[in-house]
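A.B. asks: Below: one structure in structure tokens.
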Amino acid sequence: MDIDNLSDRILDGDRRALARAITLVESGRADHRAQAGELLARLANSGRQALRIGLSGTPGVGKSTFIESFGMMLIGQGLRVAVLAVDPSSARSGGSILGDKTRMERLSRERAAFIRPSPSQSHLGGVARRTREAIALCEAAGFDVVLIETVGVGQSETVVSEMSDLFLLLLAPAGGDELQGVKRGIMEMADMILVNKADGDLKATATRTCADYAGALRLLRKRPQDPEGFPKAMTVSAVEEHGLEQAWVEMQALSQWRRETGQWAANRSDQACFWFDQEVRHALLARLETPEAKAEMASLNAKVAQGVLSPAAAAQQMLSHLV
Ligand code: GDP
């Protein structure tokens with residue numbers, strides 16, 4: 001593959017080149033990894049930065065409807081929008097909730113949009129790396145906003161929030177009991193909670209739900225570094241396209257504030273260090289999975305079982321083989 005040519009076309013904003021490049025970063029083949037590394041290094045100095053927005057919510061809450069309406073609104077303002085997905089179900093079963101091609105039909109027809117479903121990979125670590133690299137490629141291709149969507153099941157929110165500048169939690173109108181269903185850790189990650197489906201019969205419930213969450217957010221945490229009023233809960237209707245512009249105004253205000261106070265850059269460098277640490281851990285664990293390492297583990301295990309070697313001494317011997 002001609003990496004020079006691919007890199008130039010990505011810088012020109014060519015969506016087919018971008019799609020090919022993402023396929024390259026998704027590949028596990030050693031020669032593809034090397035080419036992907038070369039491509040990413042070449043694009044690293046593009047100087048382009050998108051606003052990376054993480055979006056989480058349980059299935060059925062309206063994520064694709066929201067992304068479509070919100071994305072169309074951004075495009076209407078002259079922005080280019082990329083949508084990526086981190087789908088923990090595809091990591092587990094090979095099947096993807098977020099990979100359905102019929103989602104976001106209007107948005108997918110727009111020249112200013114790029115939509116990429118989640119890859120099916122064996123573990124969340126692999127999906128995380130591919131998504132980070134895909135974000136970098138979308139930025140180099142000149143997209144202004146990169147939306148990273150995930151299904152709310154716990155672990156994947158952490159992954160997405162560690163690669164986002166802003167993190168949104170999309171919720172449905174619900175009674176008081178269901179408020180308890182949102183895990184505290186996930187609430188703590190959110191910069192904004194958007195209560196969707198605030199329309200028709202659901203409008204009054206949505207308004208109440210929003211007030212409940214606004215109260216919960218106030219109790220939960222103070223982020224002294226954030227401007228007054230954040231984290232914020234708002235109602236929206238993705239179907240009727242209500243509240244989307246207001247939500248966008250708030251997102252811009254928060255990101256502007258973070259840029260001016262230096263938090264934006266600090267957050268991105270913290271994230272880079274977080275992923276460095278994760279990559280080292282994953283690589284070390286992967287070394288335990290080789291046939292030689294497994295055989296060594298089994299042999300040391302037998303010695304530990306017989307009492308010939310202490311667990312600590314066996315671990316030392318094992319580690320000396322790994323590095
Ligand atoms: P996802 O699984 O989170 O991606 O949810 P979808 O976007 O597929 O939406 C699930 C269902 O909720 C669909 O039937 C949508 O039409 C409906 N829905 C999504 N947004 C809204 C909204 O703003 N108002 C109403 N009333 N229904 C909505």
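The values are calculated or read from the model by the stated rules, or taken from the named source; none is laboratory data. Bear in mind that the values here come from a model prediction, so they are computed numbers and not experimental data. Cβ placement follows ideal geometry from the backbone for every residue including glycine, while neighbour counts extend to all protein chains displayed. Heavy atoms of the whole protein, side chains included, go into the accessibility calculation; ligands, DNA and RNA do not. Shrake-Rupley method; radii C 1.70, N 1.55, O 1.52, S 1.80 Å.
A.B. asks: Take the residues in region 45-66 that are more than 14 Å from the chain's Cα centre (by Cα) and near the ligand (Cβ under 8 Å from one of its atoms); name whichever of them is surrounded by the fewest Cβ atoms within 10 Å (Cβ to Cβ).
C.D. replies: Looking at residues that are more than 14 Å from the chain's Cα centre (by Cα) and near the ligand (Cβ under 8 Å from one of its atoms), I get G60.
A.B. asks: Go through region 264-296 and report how many residues are open to solvent by less than 90 Å² (accessible area, probe 1.4 Å) and either part of a helix (DSSP H, G or I) or under 22 Å from R52 (Cβ atoms) (or both).
C.D. replies: 22
A.B. asks: Still on this structure, please answer the following. If E26 satisfies every condition in (1) modelled with pLDDT under 90; (2) over 18 Å from the mean Cα position of the chain (by Cα); (3) not hydroxyl-bearing (S, T, Y) but one, which is the exception?
C.D. replies: Status for E26: all satisfied but (2).
A.B. asks: Oh, and also: When the residues of region 67-88 are narrowed to those that are open to solvent by less than 10 Å² (accessible area, probe 1.4 Å) and either charged (D, E, K, R) or away from the ligand (no atom under 14 Å from the Cβ) (or both), which ends up nearest to E245 (Cα to Cα)?
C.D. replies: If we take residues in region 67-88 being open to solvent by less than 10 Å² (accessible area, probe 1.4 Å) and either charged (D, E, K, R) or away from the ligand (no atom under 14 Å from the Cβ) (or both), then L74 is nearest to E245 (Cα to Cα).
A.B. asks: Still on this model: Listed residues L202, L169, L219, L194; which is aliphatic (A, V, I, L, M), out of contact with any helix residue (DSSP H, G or I) (no Cβ under 8 Å at 6 or more places or on another chain) and under 26 Å from M73 (Cβ atoms)?
C.D. replies: Every option except L202 fails the conditions.
A.B. asks: Filter region 297-315 down to the residues that are assigned to a helix (DSSP H, G or I), over 37 Å from the mean Cα position of the chain (by Cα) and not β-branched (V, I, T) and list them by number.
C.D. replies: Once the filter is applied, which keeps residues that are assigned to a helix (DSSP H, G or I), over 37 Å from the mean Cα position of the chain (by Cα) and not β-branched (V, I, T), region 297-315 yields A298, S299, L300, N301, A302, K303, A305, Q306, P311, A312, A313, A314.
A.B. asks: Still on this structure, I have one more. Going residue by residue through region 250-259, is there one that turns out to be in contact (Cβ under 8 Å) with a residue 12 or more places away in the chain, open to solvent by 60 Å² or more (accessible area, probe 1.4 Å), more than 30 Å from G60 (Cα to Cα) and in the same structural domain as G54 (by TED's automatic domain parsing)?
C.D. replies: Scanning region 250-259, I find at least one residue that is in contact (Cβ under 8 Å) with a residue 12 or more places away in the chain, open to solvent by 60 Å² or more (accessible area, probe 1.4 Å), more than 30 Å from G60 (Cα to Cα) and in the same structural domain as G54 (by TED's automatic domain parsing), so the answer is yes.
A.B. asks: Being free of Cβ contacts under 8 Å to residues at least 60 places away in the same chain, open to solvent by less than 60 Å² (accessible area, probe 1.4 Å) and part of a helix (DSSP H, G or I): is that true of L319 here?
C.D. replies: Judged against the criteria, L319 is not a match.
A.B. asks: What about A265, is it closer than 24 Å to I135 by Cβ and either out of contact with any helix residue (DSSP H, G or I) (no Cβ under 7 Å at 6 or more places or on another chain) or aromatic (F, W, Y) (or both)?
C.D. replies: Yes: the conditions hold for A265.
Okay, residues lined up against (1) at pLDDT below 95; (2) in contact with a strand residue (DSSP E or B) (Cβ under 7 Å, 6 or more places away or on another chain); (3) of a type in the set (A, V, I, L, M); (4) open to solvent by 30 Å² or more (accessible area, probe 1.4 Å):
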site: T205; (1), (2), (3), (4): yes, no, no, yes
site: A211; (1), (2), (3), (4): yes, no, yes, yes
site: A216; (1), (2), (3), (4): yes, no, yes, no
site: L220; (1), (2), (3), (4): yes, no, yes, yes
site: P227; (1), (2), (3), (4): yes, no, no, no
site: S237; (1), (2), (3), (4): no, no, no, no
site: A247; (1), (2), (3), (4): no, yes, yes, no
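A.B. asks: Can you name the number of the only condition in (1) at pLDDT below 95; (2) in a helix (DSSP H, G or I); (3) closer than 25 Å to F276 by Cβ that A85 fails?
C.D. replies: For A85, the failing item is (2).
A.B. asks: With the structure loaded, tell me whether E245 is within 22 Å of P59 (Cα to Cα), in a helix (DSSP H, G or I) and more than 14 Å from the ligand (Cβ to nearest atom) or whether it fails that test.
C.D. replies: Considered against the rule, which asks whether it is within 22 Å of P59 (Cα to Cα), in a helix (DSSP H, G or I) and more than 14 Å from the ligand (Cβ to nearest atom), E245 comes out as no.
A.B. asks: While we're looking at this one, here's another question. How many of the residues making up region 279-323 are aliphatic (A, V, I, L, M) and in contact with a His (Cβ under 9 Å, 6 or more places away or on another chain)?
C.D. replies: Number satisfying all stated conditions: 1.
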